[in-house]
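Let me give you the structure first, and then I'll get to my questions.
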Amino acid sequence: MAEQRHRVVVVGAGFGGLFATKALRNAPVDVTLINGTTYHLFQPLLYQMATGILSEGEIAPPIREILKRQENVRVLLGTVTEVDPEQRTVTAVAPGTSYTVEYDSLIVAAGASQSYFGNNQFAEHAPGMKSIDDALELRGRIFGAFELAELATDPATIERLLTFVVVGAGPTGVEMAGQIAELAHRHLPGQYDRIDPRKARIILIDALPTVLSTFGDRLSTTALRQLHLLGVEVELETKVVDVDETGIEVETRDGLRRIESLTKIWAAGVAAPALSRQLAEATGAKTDRAGRLQVNPDCTVPGHPEIFAVGDMMALDNLPGVAQVAIQSGKHAAGQIKRRLAGEEAGQPFKYFDKGSLATIARFHAVASVGRFHFAGLAGWLLWLVVHLLYLVGFKNRVTAVMHWFVSFIGRGRSERVATFQQVFARRALQQYRDHLP
């Protein structure tokens, strides 16, 4: 009877889980990759999907297609709800079923969820930007707002419909605000009879005193200036205190104020998924304020060297929740497993190599911080373009993305404007489905 090979279970097919799985391609292991969707999502480009530039297929290639040549991996659809460190099993649920998988080594890369800072009721009226469902709903809300404004006759209603509020002035919020501004001022004018899309208000709100606070003062100031040139109203040191169907209430130095708006977008804050809490309770590990697992320097969970937490799941050295951290920590975990199986010394600490930060503000204008070097304007935008092309998975996706970027940035079209009532109103049904999961 053949000896059973080392079993590795990878939870999540984001950057951390996918790159960990690929790093184990030639290792003497059997990998089971469990993910809640059938695709790998390139989250940094969700805002372009929401604003009609890219389609879902271009930023979410099928996992099975990506890994079709990797013979030692099995891909399973499911959301992992429980890890049993004693039995070394994970339990997952999928529509209509649940199952358990055994492991010898476990890599948990379940990503992060949107954080509303204890105000989860805001989600119904201010969708986040963490999933394709979010982006499709926002696409319907954004383009639908212009259509409804064309039908409206009451000036107050029109103004409410044409006011877009983005909460959070990090990269996602800045990129979203910039693209909505380009829609209103460059792409949509001339397509409506009764309204002028250029009169739309785009308001970017953040509780911090700067936009893109992690990019440094120079690039932050450059980004703020460009947002103003686009017509974005930036309100800093402004805290959101309530969100409802027709508006948002904020607290500033001058007191409370209400902004009437039908379309609100939440791009502020992330939190670890529920699995992080369950795993912390099961292993006795500590978590940080965002719920991320506090791991050892080699990304293992304290007391459980067979369990690795990587990417947005781990709290280590104040590392940011960005794609490069997930990619590099996923590869590190895979490397540790391979060293153990080869009988080599393991336990080396994870060393993150910061390749820089990028954020696009408008066509031909982005900011980039790469080590000691800072780029803005066209140079930053070209760097942003190259980096994002490199990390898009699949040749076909790169080609079609370039074509859509050409149409959107050189011309005035948006090739992915289709939105359905199902996309706009399905959030409640999806939430009810999630609430009934075991």
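At pLDDT 95 or above, crowded, with 22+ Cβ neighbours inside 10 Å and more than 19 Å from VAL387 (Cα to Cα), is that true of ALA326? It would help to see each step written out before you state the result.
Working: at pLDDT 95 or above: yes; crowded, with 22+ Cβ neighbours inside 10 Å: yes; more than 19 Å from VAL387 (Cα to Cα): no.
Considered against the rule, which asks whether it is at pLDDT 95 or above, crowded, with 22+ Cβ neighbours inside 10 Å and more than 19 Å from VAL387 (Cα to Cα), ALA326 comes out as no.
Return the pairs, sorted by first residue and then second, in which the second residue is outside any strand (DSSP E or B) and of a type in the set (D, E, K, R), the first residue lies in region 1-28 and is within 19 Å of ILE66 (Cα to Cα), the beta carbons are less than 6 Å apart, and the residues are 6+ apart or on different chains.
Short answer, once both residue conditions are applied: PHE19/LYS331; ALA23/LYS331; ALA27/LYS338.
Further question on the same structure: In region 57-85, which residues are part of a loop (DSSP other than H, G, I, E, B) and in contact (Cβ under 8 Å) with a residue 40 or more places away in the chain? So that I can check it myself, show each step before the final result.
Step one: filter region 57-85 for residues part of a loop (DSSP other than H, G, I, E, B), giving 60-61, 67-72, 78, 85.
Answer for region 57-85, where residues must be part of a loop (DSSP other than H, G, I, E, B) and in contact (Cβ under 8 Å) with a residue 40 or more places away in the chain: ALA60, PRO61, LEU67, GLN70, ASN72, GLY78, PRO85.
For LEU224, work out the one condition from (1) more than 26 Å from the chain's Cα centre (by Cα); (2) at pLDDT 95 or above; (3) assigned to a helix (DSSP H, G or I) it doesn't fulfil.
LEU224 satisfies every listed condition except (1).
Let me ask you something else. Report yes if ALA156 is within 30 Å of HIS304 (Cα to Cα), of a type in the set (A, V, I, L, M, F, W, C) and surrounded by fewer than 19 Cβ atoms within 10 Å (Cβ to Cβ), otherwise no. Before the answer, list the steps.
Numbers: within 30 Å of HIS304 (Cα to Cα): no; of a type in the set (A, V, I, L, M, F, W, C): yes; surrounded by fewer than 19 Cβ atoms within 10 Å (Cβ to Cβ): yes.
No; evaluated as a whole, the condition is false for this residue.
Step by step: first the residues of region 199-219, then only those that are in a loop (DSSP other than H, G, I, E, B) and touching a Ser or Thr at 6+ places or on another chain (Cβ under 8 Å), then the one that is nearest to ILE142 (Cα to Cα). Which residue is that?
Here is the first cut: in region 199-219, the residues in a loop (DSSP other than H, G, I, E, B) are 200, 206-212, 216.
Filter again for touching a Ser or Thr at 6+ places or on another chain (Cβ under 8 Å), leaving 200, 206-207, 210-212, 216.
On the way: ALA200: 11, ASP206: 20, ALA207: 24, THR210: 26, VAL211: 23, LEU212: 23, GLY216: 31 Å.
Top of the filtered list is ALA200.
Let's see how each residue does on (1) crowded, with 24+ Cβ neighbours inside 10 Å; (2) within 17 Å of THR360 (Cβ to Cβ); (3) in contact (Cβ under 8 Å) with a residue 12 or more places away in the chain:
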position: THR163; (1), (2), (3): no, no, yes
position: ALA169; (1), (2), (3): yes, yes, yes
position: LEU204; (1), (2), (3): yes, yes, yes
position: LEU224; (1), (2), (3): no, yes, yes
position: LYS239; (1), (2), (3): no, no, yes
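Given the structure, is LEU54 part of a loop (DSSP other than H, G, I, E, B), in contact (Cβ under 8 Å) with a residue 12 or more places away in the chain and either over 14 Å from the mean Cα position of the chain (by Cα) or farther than 20 Å from VAL310 by Cα (or both)? Working first, answer last.
Details: part of a loop (DSSP other than H, G, I, E, B): yes; in contact (Cβ under 8 Å) with a residue 12 or more places away in the chain: yes; either over 14 Å from the mean Cα position of the chain (by Cα) or farther than 20 Å from VAL310 by Cα (or both): yes.
So LEU54 passes the test.
For ARG339, only one of the following conditions fails: (1) surrounded by fewer than 22 Cβ atoms within 10 Å (Cβ to Cβ); (2) at pLDDT 95 or above; (3) not in a helix (DSSP H, G or I). What is its number?
Exception for ARG339: condition (3).
The values are calculated or read from the model by the stated rules, or taken from the named source; none is laboratory data. Everything quoted here is computed from the prediction, not taken from an experiment. Cβ coordinates were reconstructed from backbone atoms using ideal geometry, including for glycine residues, and neighbour counts include every protein chain displayed.
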